[in-house]
Amino acid sequence: MTAALPPNSTIGIVGGGQLGRMSALAAARLGYRCHVLTPEPDSPATQVAAGATIGSHDDPAVLREFAAHVDVVTFEFENVSAEGLGLLASLKPVRPSPDVLRISQDRALEKTFLNQAGIATAPWRLVETLDDLHAAVAALGLPAILKTTRLGYDGKGQRRVASAHDLAAAFAALAPKPLILEGLVDFACEVSVVAARGHDGSIASFDAVENRHRDHILDLTLAPARIPESAAAQARQIAHTIVQEIDLVGLLAVEMFIDRDGAVLVNELAPRPHNSGHWTIDACPASQFELHIRAVAGLPLPQALRHSDAVMKNLVGPAETALWPQILAAPGLIPHLYGKAEARAGRKMGHVTRLFPRGALPGDFAVAAALGPLADPPPDQ
Ligand SMILES: Nc1ncnc2c1ncn2[C@@H]1O[C@H](COP(=O)(O)OP(=O)(O)O)[C@@H](O)[C@H]1O
Ligand SMILES: [Mg+2]
């Protein structure tokens, strides 16, 4: 498929979460329908989609049924098996390609790809056995972070190891194997760049943004990142190199560390819309979700312009979500809720965005104050 998908075509989205929901809303605005594949009948994405196939993304019969309803396939969730991806690709155009997903599903493949493309990462070693782990520690030193190569998210599937006594327990606790050991980066800040690449090879990327985590879950995104211009330009250039080298058609987020010397190291890739790009819905003429849909549908990519600076705060778990009435009443907070029935601890329920004139993103103190009822949210019990 190289021609643009005509209006009223159906875009298939694998995954039913909030990223699928916001992609489907952007698709609707461009005159497309979305059909979602998810095991949950009442999911954030199915609530706003024209149709859904309910079932497992590992079941070939379910994948065939899904493919029969759609003109093109994309993802809001990247952990479809290699067999499943192969099956989908044999039935319909799949964007991004199965090769892109295969690399970004696996931290070892991902880091190998990055290093071969000349892109710096934390130093790392593949760890299949406890002996490998001892050798990796001898090479990289401690403290370090041991991670599963697959299926990790929000800090799950990783352990920080500080002493040689922790090694056996950390190795035993993490699954599935294999693992990687990464040297700990003493970062000044974490940033990300969201970039889209069209079928014609054109690239659009948003400015680098700064990400702050709380309990390993993204809490705040500040747009733009308050880093030296040279580091911001380098971060964006790295994202462009990645989407070109990986031959992306779609949208991809690059998570990076800026170390104490201002060097940029890539942490991980996500070949889909990313939580750190939610601010683009309110602060940009075309959001990350619109760029995602445009790339997947073969439409021209607009520039990823930003008309405002922004702070995005996630609503995670019951205590923050309980502030919803106060959020709705607070001047200047732009509220987003994802339609999830139950606010469990650690669950992303929605987010809010606060806009500032370009160039007027305030310092930390004023950022907190600008979040009104969310300035100092209560922790979950
Ligand atoms: N090598 C590292 N050095 C320092 N901090 C790290 C390193 N790897 C991960 N972290 C911290 O842990 C967070 C989660 O790790 P990440 O690899 O992004 O996994 P995921 O987002 O899939 O849970 C990062 O955002 C960062 O704050
Ligand atoms: Mg991450």
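The values are calculated or read from the model by the stated rules, or taken from the named source; none is laboratory data. All of these numbers come straight from a predicted model, not from anything done at the bench. Note: ideal-geometry Cβ built from the backbone for every residue, glycine included; neighbour counts use all protein chains shown. We work out accessible area using only protein heavy atoms, side chains counted, and drop any ligands, DNA or RNA first. Shrake-Rupley method; radii C 1.70, N 1.55, O 1.52, S 1.80 Å.
Considering only residues of region 60-86 that are part of a helix (DSSP H, G or I) and open to solvent by 70 Å² or more (accessible area, probe 1.4 Å), which is modelled with the lowest pLDDT?
Result: Glu83.
Among the residues that make up region 87-100, is at least one of them part of a strand (DSSP E or B) and in contact with a strand residue (DSSP E or B) (Cβ under 6 Å, 6 or more places away or on another chain)? Explain how you work it out, then say what you get.
Filtering region 87-100 down to residues part of a strand (DSSP E or B) leaves 94.
Narrowing further to those that are in contact with a strand residue (DSSP E or B) (Cβ under 6 Å, 6 or more places away or on another chain): 94.
Within region 87-100, one or more residues are part of a strand (DSSP E or B) and in contact with a strand residue (DSSP E or B) (Cβ under 6 Å, 6 or more places away or on another chain).
Going by what's in this entry, would Glu210 be described as at pLDDT 95 or above and under 22 Å from Arg150 (Cα atoms)?
Details: at pLDDT 95 or above: yes; under 22 Å from Arg150 (Cα atoms): no.
Considered against the rule, which asks whether it is at pLDDT 95 or above and under 22 Å from Arg150 (Cα atoms), Glu210 comes out as no.
In region 148-169, what residues are open to solvent by less than 30 Å² (accessible area, probe 1.4 Å), within 13 Å of ligand 1 (Cβ to nearest atom) and touching a helix residue (DSSP H, G or I) at 6+ places or on another chain (Cβ under 6 Å)?
Start the filter on region 148-169 by keeping residues that are open to solvent by less than 30 Å² (accessible area, probe 1.4 Å), which leaves 148-149, 152, 155, 157, 161, 167.
Checking which are within 13 Å of ligand 1 (Cβ to nearest atom) leaves us with 148-149, 152, 155, 157, 161.
Within region 148-169, Thr149, Val161 meet the criteria.
Within region 221-235, does at least one residue satisfy the condition of being within 13 Å of the chain's Cα centre (by Cα) and either under 19 Å from Gly359 (Cβ atoms) or free of Cβ contacts under 8 Å to residues at least 40 places away in the same chain (or both)?
Checked against the condition, which is being within 13 Å of the chain's Cα centre (by Cα) and either under 19 Å from Gly359 (Cβ atoms) or free of Cβ contacts under 8 Å to residues at least 40 places away in the same chain (or both), region 221-235 yields at least one hit.
On the basis of being modelled with pLDDT of 95 or more and more than 10 Å from ligand 1 (Cβ to nearest atom), does Ala138 make the cut?
Working: modelled with pLDDT of 95 or more: yes; more than 10 Å from ligand 1 (Cβ to nearest atom): yes.
When the stated conditions are applied, Ala138 passes them.
Take the conditions open to solvent by 30 Å² or more (accessible area, probe 1.4 Å), within 18 Å of Ile145 (Cβ to Cβ) and within 11 Å of ligand 1 (Cβ to nearest atom) and apply them to Glu182. Does it pass?
no
Where in region 275-381 are the helices (runs of 4 or more DSSP H), entirely inside, with at least 1 residues that are within 30 Å of Gly31 (Cα to Cα)?
Working: elements: 280-283, 288-297, 317-321, 324-329, 364-370.
Qualifying helices (runs of 4 or more DSSP H): 280-283, 288-297, 324-329.
Within region 115-131, can you find the residues that are away from ligand 1 (no atom under 13 Å from the Cβ), open to solvent by less than 50 Å² (accessible area, probe 1.4 Å) and of a type outside the set (Gly, Ala, Ser)? Let's see the steps before the verdict.
So in region 115-131, the residues away from ligand 1 (no atom under 13 Å from the Cβ) come out as 115-119, 126-131.
Those left that are additionally open to solvent by less than 50 Å² (accessible area, probe 1.4 Å): 117, 119, 127.
Ile119, Val127, listed by residue number.
When you scan region 120-163, how many residues do you find that are touching a residue at least 12 places away in the same chain (Cβ under 8 Å) and away from ligand 2 (no atom under 16 Å from the Cβ)?
Residues flagged as touching a residue at least 12 places away in the same chain (Cβ under 8 Å) and away from ligand 2 (no atom under 16 Å from the Cβ) within region 120-163 amount to 20.
Just to verify a result, which residue in region 185-214, among those that are within 11 Å of ligand 1 (Cβ to nearest atom) and open to solvent by 40 Å² or more (accessible area, probe 1.4 Å), is farthest from Ala233 (Cα to Cα)? Working first, answer last.
Here is the first cut: in region 185-214, the residues within 11 Å of ligand 1 (Cβ to nearest atom) are 185-187, 189-192, 211-214.
Those still in the list that are open to solvent by 40 Å² or more (accessible area, probe 1.4 Å) too: 186-187, 212-214.
Values: Asp186: 21, Phe187: 18, Arg212: 20, His213: 23, Arg214: 27 Å.
Checked region 185-214; the qualifying residue farthest from Ala233 (Cα to Cα) is Arg214.
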